[in-house]
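Questions regarding the structure given below will be posed in turn.
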Amino acid sequence: MASKFGMPGGIPERRVRSIWDAVDSRQFKAALKLATSLLSKYPNSPYALALKALILERMGKPDEALSVCLNAKDKLYANDAVQIDDLTLSTLQIVFQRLDRLDLATSCYEFACGKFPNNLELMMGLFNCYVREYSFVKQQQTAIKMYKVVGEERFLLWAVCSIQLQMVYCHGKPTIALSNGHKDKTKWEDWMAWITWIYGSVTEEVLCGDGEDKLLLLAEGLLKKHITSHSLHEPEALLVYISVLEQQAKYGAASEILSGKLGSLLIIEVDRLRIQGRLLARACDYAAAAEIYQKVIESCPDDWECFLHYLGCLLEDDSSWCSWSVNDKIHPPKFVDCKLSHLKDDVFDLQISNALAFVQKLQVESSSDFIRCPYLANLEIERRKRLYGKGDDMKLIEALLDYFCSKGNPASYNCQLTIVRFGHLACFASDVEMFLQVLTIDEKMDLLKKLMKLSGSSSTVPIKVLGQSITLFKIQELFGTLFKLPVSGVAIPYSLEPGSEAADVCTTIVLPRWLKLESTAIQMTDMYCQNLPLSKDLDPQENMHGEELLSMACNVLIQLFWRTRHLGYLLEAIMVLEFGLTIRRYVWQYKILLLHLYSYLSALPLAYEWYKTLEVKNILFETVSHHILPQMLISPLWVDLIDLLKDYLKFMDDHSRESADLTFLAYRHRNYSKVIEFVQFKERLQHSNQYLMAKIEEPILQLKQKSDNIEEVECVLESLSFGMELLELSSENRCKSLTFNEDLQSRPWWTPAADINYLLGPFDGASFCPRENLCSTAFVLFPFVTSIVKSEVFIKFPFLISWKLPQTKEREANARKVIERRSLLPRMLYLSIQCASSSMKENVETNGSISNTKLYSELKCLLERFAKSLGFPFNDAVKDIVGLSIGDKSFEVFNSDIIDWMNFAVFLNAWNLGSHELNLPDGDGRGPVSWHMVDYLIEKYTLENLRSMQPLIRAPGSDLPVLVQLVTEPLAWHGLVINSCVRSSLPSGKKKKKSGHVDQLNSLLSQAIQGSIQSVCGVMEEVTKWLREQINKPEDENLDTLLSLLMRRGLNEGPGQVFQILEAFAASTRDSVLCDRISQALLQWSPVGVARKIITSQCTVLSEFLRICESNLKSLKALKQ
């Protein structure tokens, strides 16, 4: 059966080598010529046919390639004399995979394995096919067959991994119904035979367990039997065995194995100890686990996670091993949960004293200045004491100060002898964030005051002084201090309880100048400029010292804009970021801030340009594209949006196809932990909310682009199976467990999620703190309920609350509704066009397939689903739309869903044209009320928006995106319904044209259509008129308007103060000590150029929108002729 050496597929290697060389060099025409010649000499060779199919597929001829592959498959099946080897089958598999016909590749391998059941190469190929299909049961069965043939350890582990994958994705209900095995005699007998082979007899444990338990017992039994006869020889094999035991909660057995001879497979001692500590802790042997973790920490004194486990074992707290706290690898917990209420006071005191003694020993023995864990450990111990109700109020603050910098006499904070510790590090604020959560407001103010004193005397090294200053700004951000500072003047930065120490301090001391918000931004910017010489010797791609200062200054300026609504602050923030990027182009934080600011200013082309400089690729498409994709979806920049969606979907689809290759590669390289990880990662991406939305929005964008031509729209709908394909995307299976993989932590504070922008609303006052809003994506611990009396915290009762779980569920439910509404659009549009057409002609069936009754019935069903996704029953939604059209309701009631409601009204009218189920009166006799209702809604809402809209240059965050959506969706769909009616009204026998003859229509419906055309044309003319007015404004006038917001010489307050610092510094670079690279870069900084780019970008958006409007208007005017 197997081909001889040098005879692939029974053909001499010298005859096929030239073909492969031509394919590898992409000379497909030459390769096809050689393959055709080879096929003439070996007409019955499946391998020759497979080669030709491969070449045809690479040439972009999928149909021909499939036909040739099917021919090769038939020859494999029909001729017993034909040689079957893995090379032939793998070549066919490559082609079938690229043609999305994996089932055919699998069937070929299944046939070959049936013909040659003990051939290892073929069985491995079949296993690979099942890996690509994610058929875990068949993977398991094939791997066990290979193991029985050759007895190799790797095949046994392939089988065990397949079992574990069944556990993950079958939710305790394996495909082979083991629990109901008596109903299938053959499967039950096979199962009993396996158990007898493994265990020697059938145990009661096996018979009584459910399907999940039986699978795990099968995996454990297979491994035990192999260990008895062959032992284990690979570290990964041992890890798989331990994981199987852990899944069955057999922690003691797993720990014994790890302590025995097999434990020597793990060469790195600390890795073995970490696993052993986890097993002992999960077995509730906390004392032994603590000893193990102590050994690990002594070897690795900077292992913070290990210390948390160690402390958890001392306090008999299993929070670190709770499944819900470690499930999410994308968004790991930000705060450490703990349970303390079950410990007695004396036990708690003893264990805490042991922990403190161990930590002090670590601090003494620590020789490196960069080891932070022993000092963080001290903070964590004080936090636990405080949560338990036994903490000294000052101890935690002292520990925080000691982490910032060490003093010669910790009891006296006026001592000048200080040793810099970690206060100058960029990670200081994130390190101590969770410890600051338990401080009262008074304690926070006291800590801040002491940190300020320490920062002035702890170091004379400029870089460390700069780092400490940045840390102080970050601490203020964490406390929310900056959001409570006055814009100018004197104010108490906190809303404090009367009589508290901090309130007394603030009412008796005048705040220094830097505690005013404007002055804070000035100080940050000036500090950045003055410290630029520290970075003169750094490589251009290295982070510069003090880069965070410009980001923080930008955040302060945005807050000033939010509070004052003065556009100058917003423009000043942009200038700050552009200044920073002129000096160093690689700061992604600046680019993301700019991206969102330009989006808010309706300068979307500029935002997209900065997005492209992020060089997003691979998985970053999934985690980073949320910064730009939502804005682009509601913009008129369709060309750029097509590119964005195309790149994103290409990565996601390619990964979906290629992830199986990674999985099989992990199998072959015996990295079994990665097998499960790759499969889980693939599943997570496949259920991505962003991915589903992109797959839906791409065809909707095609419909928008073709909306001025109904014939082209129908072609697009036909390619989508008339909208049925998108309906499948919103099915319960696809939307059952949506995943959100966006890196929300990288978003600016004013827009923590794509659907939230605080700048669009009024300032929320001193109660607003962005850090609290960002916590919605992390697990947050509320360890106690407090009452503050004279700065004492009384612990009422410890309990855990997770913000992430309810908020994720709510977010998932909302996302599911949006996905459903968007997926319904193409099908509803198709049915609306057909309903409108059939309403003009009696007894006409759509495509000869469904009757008018079925059309109206299906459209009504989809309308009911659409209304339900908006949160209303169908009848109530209809009443609200009617109420809106007669003035009983305001547009504000529908808030952000107004476009969806408009779409609903358009499709409701199309359904009512033929069904007449709404029983609406004819009003003034000019036709169906539903027509006038839609016309009125579109006209009124559009004109109201136009009257309220100001020029983009003066009104950031304008309603332009809503206007774009209104024109490109409900108005466009309404135009297609009108076009369908006009087209169907043509006399029979006359060729249909793009334009209709409205003057030939005499019915009430024709009058309504004619009035609708007039109304929609009038609306579109008003929109185009407004757009032309904005575009035709002189550029210099707009430029002067922008720059006048910054050029405010002689004023000590208001916008322009930060800008003047940047201007002065850029002008003085010739006399500075900066390096040539920075000096040359500053010469290129042009505020006028930045302002001009903003104006040009806004004009580009308006021009693209005008082009769309003119195209639709031309189409509508053609219907009048």
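The values are calculated or read from the model by the stated rules, or taken from the named source; none is laboratory data. As the structure is a prediction and not an experimental result, all values here were calculated from the model. Side chains included, ligands, DNA and RNA excluded: accessible areas come from the protein's heavy atoms. Shrake-Rupley method; radii C 1.70, N 1.55, O 1.52, S 1.80 Å.
Could you sort Met394, Met575, Met693 by their accessible area in this structure, using a 1.4 Å probe and putting the largest first?
From most accessible down to least: Met394, Met693, Met575.
List the aspartates and glutamates whose Cα sits under 17 Å from the Cα of Lys395, skipping any in the same chain fewer than 8 residues away.
Qualifying aspartates and glutamates at Cα under 17 Å: Asp349, Glu380, Glu382, Glu433, Asp442, Glu443, Asp446, Glu792.
For Ser688, list long-range residues whose amide hydrogen, built 1.01 Å from N in the peptide plane, is under 5 Å from its own amide hydrogen.
It is Thr739, by chain and number.
List the aspartates and glutamates whose alpha-carbon lies under 19 Å from that of Lys650, not counting same-chain residues fewer than 8 positions away?
Glu57, Asp100, Glu615, Glu622, Asp640, Glu658, Asp661, Glu683, Glu697, Glu698, Glu725, Glu742
While we're on this one: Quick one: order Thr1024, Thr1041, Thr853, Thr1096 from most to least accessible surface, probe 1.4 Å.
The ranking, largest first, comes out as Thr853, Thr1096, Thr1041, Thr1024.
From the backbone phi of the stretch 657-668, what are the Karplus-calculated ³J(HN,Hα) couplings (6.51 cos²θ - 1.76 cosθ + 1.60, θ = phi - 60°) in whole Hz, Gly and Pro given as x?
6, 8, 4, 5, 4, 5, 5, 5, 4, 5, 4, 5
Follow-up question, since we're still on this one. Please list, in order along the stretch 1103-1109, the HN-Hα scalar couplings obtained from phi with the Karplus expression 6.51 cos²θ - 1.76 cosθ + 1.60 (θ = phi - 60°), rounded to whole Hz, x for Gly and Pro.
5, 5, 5, 4, 4, 5, 5
If each residue of separation counts as 0.36 nm, what is the full-extension length gain between Arg1028 and Met452 once their alpha-carbon separation is subtracted?
Here the segment from Arg1028 to Met452 would lengthen by 201.8 nm.
Turning to a different aspect of this structure: Could you order Phe907, Phe111 so the one with the most accessible surface comes first? Probe is 1.4 Å.
Output order, biggest surface exposure first: Phe111, Phe907.
Here is a further query. Rg and Dmax in Å for the stretch 1004-1092, alpha carbons only: what are they?
Rg, Dmax (Cα atoms, Å): 24.6, 82.
Kindly write out, for the stretch 431-440 in residue order, the coupling ³J(HN,Hα) from the Karplus curve 6.51 cos²θ - 1.76 cosθ + 1.60 (θ = phi - 60°), rounded to whole Hz, with x marking Gly and Pro.
Once rounded to whole Hz, the list reads 4, 9, 4, 6, 6, 6, 4, 8, 7, 7.
Please calculate the 1.4 Å probe accessible area of Tyr586, with all protein chains present, and give it to the nearest 10 Å².
Solvent-accessible area, nearest 10 Å²: 120 Å².
Using the structure shown, list the pairs from Lys385/Lys449; Lys612/Lys1093; Lys854/Lys879; Lys736/Lys817 with a Cα-Cα distance above 19 Å, or answer none.
Lys385/Lys449; Lys854/Lys879
Give me the number: length gained by fully extending Lys536 to Tyr134, i.e. 0.36 nm times residue separation minus the C-alpha to C-alpha distance, one decimal in nm.
139.3 nm
Pop out the carbon and sulfur fraction of the accessible area of the stretch 534-624 as a percent, whole number, probe 1.4 Å.
Exposed carbon and sulfur together represent 49 percent of the surface.
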